[in-house]
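These notes are about the structure you will find just below.
The values are calculated or read from the model by the stated rules, or taken from the named source; none is laboratory data. None of the values given here were measured: they were computed from a predicted structure. As a convention, Cβ positions derive from the backbone with ideal geometry for all residues, glycine included, and neighbour counts pool all protein chains shown.
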């Protein structure tokens, strides 16, 4: 894979999808449907998916593509592929809370190596460069010209004063019980894959997820965090979280700065 070619394409498609999402978000009303797993889906999910999947298939016709909104792609198998969640945080979108993201990633040998996370309502753009380093780009964003970049590096926290980020929509007692094993300085909540990005920027040190996620929910954020020196491991045995699993379902996991001394499950 030529990363010099891949990264600008992923970034541009994320911006194009973001424009379409915001066009629908800013409208007076939009329809919300329910998928078979009871999760919401909107015209924004579907329109963004069309933009991204068509663009990726045109640019990289020989690469396997997995995308949340196309169930036929969920039957494919492989350990190297492009994976897309065109609108992560649909509940945040529906409730107009702004914490939703466009997510595009490349997985190679089961590991997310390059990714883009774009939060159009927050005007924040994170991506891994061709060399693997994660950056945050300052807006306003132009489709074919990359703007001012800040290289990202995870925090080096003191283990007696951690900043923890947790889900806005999926917080539960099990998550709180695990967080309570640490000495926490402060807590913040965020929606969608932004939680990975907050660890990547050093705005948070630890993000435990004790709930159902799919690989398209996490791959781009995982790549962004890896490129900033972070890690994502399984909750049960602290082994690396891998991709290309059967049915693309994730186990519980922990995303964190490697300076955090992880507590056992």
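Computed values, structure above
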| read-out | value |
| --- | --- |
| Wholly within the range 160-265, helices (runs of 4 or more DSSP H) carrying at least 2 residues that are within 25 Å of residue 118 (Cβ to Cβ) and modelled with pLDDT of 95 or more | 194-201, 215-226 |
| Residue count, the range 189-217 (criterion: free of Cβ contacts under 8 Å to residues at least 40 places away in the same chain and within 18 Å of residue 134 (Cβ to Cβ)) | 1 |
| Helices (runs of 4 or more DSSP H) wholly inside the range 1-96 that include at least 3 residues being at negative phi and at pLDDT 95 or above | 3-25, 43-59 |
| Residue within the range 65-77 that is in contact with a helix residue (DSSP H, G or I) (Cβ under 6 Å, 6 or more places away or on another chain), assigned by TED's automatic domain parsing to the domain that holds residue 46, in contact (Cβ under 8 Å) with a residue 24 or more places away in the chain and closer than 27 Å to residue 151 by Cα present | no |
| Condition met for residue 203 (in contact with a strand residue (DSSP E or B) (Cβ under 8 Å, 6 or more places away or on another chain) and surrounded by fewer than 20 Cβ atoms within 10 Å (Cβ to Cβ)) | yes |
| Selection status of residue 110, within 16 Å of residue 60 (Cβ to Cβ) and either within 13 Å of the chain's Cα centre (by Cα) or not assigned by TED's automatic domain parsing to the domain that holds residue 248 (or both) | no |
| Qualifying residue in the range 145-152 (condition: closer than 30 Å to residue 2 by Cα and buried (at least 19 other Cβ atoms within 10 Å of the Cβ)) | yes |
